[in-house]
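Reading through the structure tokens given below for one structure.
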Amino acid sequence: MTKITSLTELKKLRDSLKEKMESYSLLDHPDSIIQVKVAMATCGQASGARPVFDYFKEELEKRNIPAMVTQTGCMSYCYAEPTIEVTIPGKNPVVFGFVNTRKADEIIERYIRKGELPDGVIPVNYETVISQ
Amino acid sequence: MKQKQLRIALRNCGVIDPERIEDYIAKDGYLALGKVLTELTPEATIEIIKKSGLRGRGGGGFPTGLKWEITRKVHGDQKYVVCNADEGDPGAFMDRSVLEGDPHSVLEAMAINGYCTGASKGLVYIRAEYPLAIERLKIAMKQAREYGFLGDQILGTGFCFDIEIRYGAGAFVCGEETALIHSMEGLRGEPTVKPPFPSESGYLGKPSNVNNVETYANIPVIINKGADWFASIGSAKSKGTKVFALAGKINNVGLVEVPMGTTLREVIYEIGGGIRDGKAFKAAQTGGPSGGCLTVKHLDIPIDYDNLIAAGSMMGSGGMIVMDEDDCMVAIAKFYLEFTVEESCGKCSPCRIGNKRLFEILEKITQGNGILEDLDKLKNLGKVIIDTSLCGLGQSSPNPVLSTLDNFYDEYIDHVTYKKCKSKVCKSLMTYIIDEEKCIGCTLCARNCPVNAISGERKQAHYIDPEKCIKCGACMEKCKFNAIFIN
């Protein structure tokens with residue numbers, strides 16, 4: 001990894017990373033793929049986020065669904081751990097709570113494949129400084 | 001609809017992969033550091049922080065910009081930037097979430113602080129009980145060094161800054177900044193009298209700027225979006241947002257970040273989804289063992305540093321424990337006192353002995369042996385402890401007692417005068433009784449009693465011997481005819 005030695009360089013790197021990130025959610029982009037984020041802070045892992053994370057990784061590959069499964073910190077819905085967020089290109093991210101491997105299977109088959117919303121969706125209840 | 005929550009400190013938590021610096025950079029990460037190093041002088045940066053109105057999120061609410069300015073002005077060959085991640089309040093997990101979800105924001109802010117105060121070394125004091133936070137922090141530090149955001153000649157400028165981790169061993173008092181510094185030095189985690197403040201003489205006797213995790217998490221955004229933007233959020237004297245760890249008898253347990261000035265009602269009923277099982281709200285405890293209770297009458301006051309103090313509680317680091325009608329406030333006060341007695345470092349007598357006495361009086365009351373005089377004793381002793389203790393721990397430890405005495409005096413009277421605990425929490429004040437009309441003499445309760453306190457003939461009403469009964473409630477749970485009740 002090369003060190004960044006100026007603000008201009010940093011901004012350039014940011015722009016290219018941003019573009020790459022945003023391309024995942026653009027509908028007509030050739031690289032656009034489904035994103036699954038699993039909340040993996042201490043709290044999430046304690047309630048079983050790790051098997052859910054592994055399940056998504058293995059199953060999406062097995063079922064030939066191009067997807068990127070990543071970990072994040074706490075999504076702050078402690079009452080509904082483990083929580084995950086699924087982004088289908090062109091659609092708003094959807095957060096699901098109380099996800100186990102059975103629920104994960106349902107999410108893959110119903111939401112990711114067919115676009116139907118199963119139960120257990122947590123409505124977004126905040127704004128972030130980035131969205132403002 | 002405009003959302004009640006606004007996430008500044010938690011902006012990246014649950015959004016980015018905390019173990020990938022690239023995710024953070026894509027979200028304008030390290031941009032604030034770059035901007036400060038290349039376009040702003042330390043003085044101008046401090047001016048921005050001052051103007052933003054940011055106050056310390058660890059609980060005290062000291063103006064952050066002012067603290068930075070003091071550390072800058074103190075002369076010293078070596079200065080330190082310290083991050084207080086010794087989160088110890090029962091039921092608080094804001095700092096852990098930030099460190100586990102967005103560690104880079106803290107590192108970036110510490111580097112900015114180093115530039116402003118003239119420090120070249122940063123130290124994160126974190127509890128050893130947070131292994132995942134420590135691991136992610138280490139990964140983040142390694143990545144930041146690889147990209148050149150930490151280390152020598154950061155971003156091609158002459159500024160050098162690096163960070164080390166120091167582990168705490170889980171003593172509550174080490175969240176107090178002088179105790180924290182002694183613990184880092186390898187000494188006993190005991191506080192010393194201020195002044196001198198750490199900004200003047202801190203780690204190894206050098207000027208040290210101590211800020212809390214959440215305070216740091218706000219810094220990059222303030223630099224990027226400007227002081228005016230930040231100052232436009234919040235109430236008159238408390239700017240920005242505050243993260244609360246919402247716990248207890250509430251439907252949506254979790255982290256919330258709301259603009260200062262949001263009311264308790266909005267937090268509990270709109271964001272928190274109300275009280276569990278439709279029960280009635282009784283109180284919310286803020287500020288942990290140093291704080292107090294907010295009650296129904298406080299539901300509509302805007303939450304900020306000054307209003308909470310006026311209401312007899314405090315902001316604290318952000319723990320908010322919600323209690324319903326089934327919670328006994330005397331028992332709650334006793335719980336916090338037990339915590340304080342356990343955590344008092346023992347250096348000064350008011351805290352070491354005074355809190356122990358407070359606890360004993362509360363124990364006496366919950367066991368049904370209290371007298372009215374005890375309530376005055378609690379009040380007087382509490383005030384003495386506040387006035388004479390050495391550090392923040394002792395100076396605030398009687399708060400849960402004083403605040404419950406103020407708000408729930410009738411509950412104390414119930415315990416002391418009528419020997420009753422309406423919430424049915426204090427076991428010594430309860431008697432289990434069998435309703436002779438309802439009991440059919442099935443003997444199920446007698447067979448399940450672990451101490452053989454229940455007697456009676458088959459098909460005849462049974463009787464519980466109050467002398468033998470240990471009030472475990474097993475009989476009541478087993479009875480199929482609701483024949484057992486608590487008096």
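Before moving on, here are some points about what is shown:
- Some residue of the stretch B:172-185 being in contact with an Asp or Glu (Cβ under 7 Å, 6 or more places away or on another chain), under 30 Å from B:Lys297 (Cα atoms) and surrounded by fewer than 22 Cβ atoms within 10 Å (Cβ to Cβ): no
Quick grid of which residues meet (1) more than 22 Å from B:Pro131 (Cβ to Cβ); (2) touching a strand residue (DSSP E or B) at 6+ places or on another chain (Cβ under 8 Å):
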position	(1), (2)
B:Gly158	yes, no
B:Ile163	no, yes
B:Gly168	no, yes
B:Glu176	yes, no
B:Leu187	yes, no
B:Lys194	yes, no
B:Phe197	yes, no
B:Gly202	yes, yes
B:Lys206	yes, yes
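- Residue within the stretch A:58-70 that is closer than 20 Å to B:Arg20 by Cα, within 13 Å of chain B (Cβ to nearest Cβ) and not polar (S, T, N, Q) present: yes
- Scanning the stretch A:121-132 for any residue that is more than 14 Å from chain B (Cβ to nearest Cβ) and open to solvent by less than 40 Å² (accessible area, probe 1.4 Å) turns up nothing.
- Filter result for A:Pro82 (touching a Lys or Arg at 6+ places or on another chain (Cβ under 8 Å), in a loop (DSSP other than H, G, I, E, B) and open to solvent by less than 20 Å² (accessible area, probe 1.4 Å)): no
- Selection within the stretch A:92-104: residues that are more than 9 Å from chain B (Cβ to nearest Cβ) and either loosely packed, with under 13 Cβ neighbours inside 10 Å or part of a strand (DSSP E or B) (or both). The member of this set that is modelled with the lowest pLDDT is A:Asn92.
- Contacts under 8 angstrom Cβ, first residue in the stretch A:92-108 being in contact (Cβ under 8 Å) with a residue 12 or more places away in the chain, partner of a type in the set (Gly, Ala, Ser), 6 or more apart: A:Phe96/A:Gly120; A:Gly97/A:Ala80; A:Gly97/A:Gly120; A:Phe98/A:Ala80; A:Phe98/A:Gly120; A:Val99/A:Gly120; A:Asn100/A:Gly48; A:Lys103/A:Gly120
- Scanning the stretch B:80-126 for residues that are open to solvent by less than 10 Å² (accessible area, probe 1.4 Å) and without any contact (Cβ under 8 Å) to a residue 60 or more places away in the chain gives B:Leu107, B:Gly114, B:Gly122, B:Val124, B:Tyr125, B:Ile126.
- The listed residues are B:Leu155, B:Leu150, and the only one of them that is under 23 Å from B:Arg72 (Cβ atoms), under 34 Å from the mean Cα position of the chain (by Cα) and in contact (Cβ under 8 Å) with a residue 40 or more places away in the chain turns out to be B:Leu150.
- Selection status of B:Asp17, within 14 Å of chain A (Cβ to nearest Cβ), in contact with a strand residue (DSSP E or B) (Cβ under 7 Å, 6 or more places away or on another chain) and not in a loop (DSSP other than H, G, I, E, B): no
- From B:Ile181, B:Ile163, residue being outside any loop (DSSP other than H, G, I, E, B), in contact (Cβ under 8 Å) with a residue 24 or more places away in the chain, more than 29 Å from B:Ser344 (Cβ to Cβ) and more than 14 Å from every other protein chain (Cβ to nearest Cβ): B:Ile163
- Top-ranked residue of the stretch A:30-74 - restricted to ones that are assigned to a loop (DSSP other than H, G, I, E, B) and touching a Cys at 6+ places or on another chain (Cβ under 7 Å), ranked as surrounded by the fewest Cβ atoms within 10 Å (Cβ to Cβ): A:Cys74
The values are calculated or read from the model by the stated rules, or taken from the named source; none is laboratory data. A quick note: this is a predicted structure, and the numbers were derived from the prediction, not measured. Here the Cβ is made from the backbone with ideal geometry for all residues, glycine too, and neighbour counts use every protein chain on show. All accessible areas refer to the heavy atoms of the entire protein, side chains included, with ligands and DNA or RNA removed. Shrake-Rupley method; radii C 1.70, N 1.55, O 1.52, S 1.80 Å.
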